[in-house]
Amino acid sequence: MNTYFNVKRAWEEIARLNVEISHLFTWMVDEHVDFYCAIQGCYLVDAPLAYELSVRWQYHDKIHEKVVQWLYKASKLSGFTGSLSYGRRLGRDIALVADIPPPSWAVFTIADDAADESKDESEIPGVVNEEDAGNLVDFIDNLGIRTSE
């Protein structure tokens, strides 16, 4: 019975991830843009501050690179219908992003995708698509039900 609830909670979490992954990725790109603008704005006026911001920016970029790797893996899970793309936050000026190069971790290539497909991932045997997964959940759901016949 624990397996049933684990599978059910996993599907609920994937449904939440459909939205949250996009929000997190957008925030990460926005932070990249904010650091870039702040460093450019104070580079000539306050060089030590620009240097400190640059150091922190590099640190954040390393963290974001690892986070994006996990987000990308999560986006490949069956049942994920969201997108791993940059959105637009309400009230945010879209012109800020226009002239700023995207971060290295925000660019995916077809080679990255092919490398992921070549890895052997463990899946539930007999579950090929979402309909099969739903049938499995329904089957497990009905295991504890007894009919009085």
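The numbers here are math on the coordinates, done by the rules we state, and not lab data. Bear in mind that the values here come from a model prediction, so they are computed numbers and not experimental data. So basically every Cβ, Gly included, is an ideal-geometry build from the backbone, and we count neighbours across all protein chains shown.
Computed over region 2-141, relative contact order equals 35 percent, with contacts defined as Cα pairs under 8 Å that lie 6+ residues apart. Dipole orientation for region 2-141: of the candidates Val68, Val97, Asn129, Val97 has the Cα lying most toward the positive pole (charges on Cβ; Lys, Arg +1; Asp, Glu -1). Place a point 7 Å from the Cα of Ser54 along the Cα-to-Cβ direction; which residues of region 25-47 have their backbone N under 11 Å from it? The answer is 39-40, 43-44, 47. The phi torsions of region 45-50, fed into the Karplus equation with coefficients 6.51, -1.76 and 1.60 and a -60° offset, translate into couplings of 7, 9, 4, x, 5, 4 Hz, rounded to whole numbers, with Gly and Pro shown as x. What FRET efficiency comes out for the pair Leu77/Val97, r = Cβ-Cβ distance, R0 = 35 Å, nearest 0.05? Between Leu77 and Val97 the formula returns 0.80.
Multiplying the residue separation of Tyr4 and Asp61 by 0.36 nm and subtracting their alpha-carbon distance yields 16.7 nm.
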